Amino acid sequence: MRAAAILGPGNVSRCLKKLQSVEGVEWIDSPDQADAVVILGGDGTVHRHLPTLVGLQLPALIVPCGSGNDFARALKLGRVRDSLDAWRKFVASRKNVHTIDVGMIRDLGSKPESEFAGGTPAPHNQLQHYFCCIAGVGLDAEVAKRANALPKWMRSHGGYFFCAPREFLRCAAFPMKVSSDGQTSSKFEPTILAAIANAPTYGGGMKIAPRAKLDDGKLDVCVVRGMDTFKLFCLFPTVYFGRHLSFKEVEYSQTSVVRIDTEYPLDVYADGEYVCQTPAEFSVARNALKVIAPE
């Protein structure tokens, strides 16, 4: 069997050597010629390589070596040891492979360069982006932006937690309109954040979408409407346990397609990475990714 490794930032060579110690595998440089792909990194690394993984349709093993490893956590690969055990099983039998969904974001506010130039419109997918965990607009996006500027060691030890309180103090509700499954919302409402989830957690284990599943063909949408700063501080710790759904300002639903409109453009972040600005449409790519899991 041939395998190719995709290395995220930082020193991941020690983790790679553990995987390379498993017998029966030839390691090559090109994923195009491999039978499986191993990604050593966090959610951002997975996010950047999702188009390649979806296109190749090769089984992918995620090794949690990043500052945020929520996608690996959703696959029950919480530690490097878990990934190593799953890899041994795969090399021996190739049976522990699962097919899961990924999210898609369609940028509705930008036009392809060819349209600006008066040429032939670019293909639809040039304005479409994949994500593995969660996309966010509003407070979440601002916290992600701040967390990305932190040193890696701090990002991997609660970067989201450290950045969030400062953003709470600066946060002001913004007008947002949420339209699901083709049903257009009639009005803008004061909103703190909107999270569109393919997986349950982000920010290093925050259960913003506790009911989300990777293979149910749905996106979980969590919208936090306007509230005062004190109540927002009270809500924040409950997200780590998925108990924020009891707040009356929290709206939670499942859908296959959701569109977010804001009165002025706001950043959209997904898997901790900047993607585009609103307006944007979010949908599901069913059975788009093959992953190697513990069982």
**Complete:** With all protein chains in place and a 1.4 Å probe, M1 shows an accessible area in Å² (nearest 10) of 50 Å²
**Asked** Cross-link partners among aspartates and glutamates for K17, C-alpha distance below 17 Å, same-chain residues fewer than 8 apart left out?
**Response** E26, D29, D82, D85
**Item:** Probe 1.4 Å - accessible area at Y240, Å² to nearest ten
**Value:** 60 Å²
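Quick one: grab the alpha carbon gyration tensor of the range 48-99, order the square roots of its eigenvalues as a ≥ b ≥ c, and give me rounded if a/c is under 1.5, else prolate or oblate depending on whether a/b is larger than b/c.
oblate
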**Request:** Beyond 20 Å between alpha-carbons counts as too far, so tell me which of K177/K213; K76/K213; K207/K231; K95/K290; K89/K290 fall in that bin.
**Result:** K177/K213
**Message:** I'd like the accessible area for E273, computed on protein heavy atoms only with a 1.4 Å probe and all protein chains in place. Round to 10 Å², please.
**Reply:** 50 Å²
**Request:** Quick one: compute the contact order of the range 3-61, relative version, from alpha carbon pairs under 8 angstrom and 6+ residues apart, as a percent.
**Result:** 44 percent
**Request:** Under 9 Å from the Cβ of F282, count the other residues' Cβ atoms, weight Lys and Arg +1, Asp and Glu -1, and hand me the total.
**Result:** +1
**Fill in**
With x for Gly and Pro, the residue-by-residue ³J(HN,Hα) of the range 207-222, computed from phi through the Karplus equation 6.51 cos²θ - 1.76 cosθ + 1.60 at θ = phi - 60° and given in whole Hz, is 8, 5, 10, x, 9, 6, 10, 6, 9, 9, x, 10, 9, 9, 10, 10
**Prompt:** Cross-link partners among aspartates and glutamates for K218, C-alpha distance below 15 Å, same-chain residues fewer than 8 apart left out?
**Reply:** D101, D181, E281
**Complete:** The answer for L61, listing residues at least 5 apart or on another chain whose modeled amide H is closer than 5 Å to its amide H, is V37, V38, I39, I292
**Message:** Tell me the net charge near Y252. Cut-off is 13 Å between Cβ atoms, Y252 excluded, with +1 for each Lys or Arg and -1 for each Asp or Glu.
**Reply:** +3
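The values are calculated or read from the model by the stated rules, or taken from the named source; none is laboratory data. As the structure is a prediction and not an experimental result, all values here were calculated from the model. Cβ atoms come from the backbone with ideal geometry, glycine included; neighbour counts cover every protein chain shown. These accessible areas exclude ligands, DNA and RNA; they are computed on the full protein's heavy atoms, side chains included. Shrake-Rupley method; radii C 1.70, N 1.55, O 1.52, S 1.80 Å.
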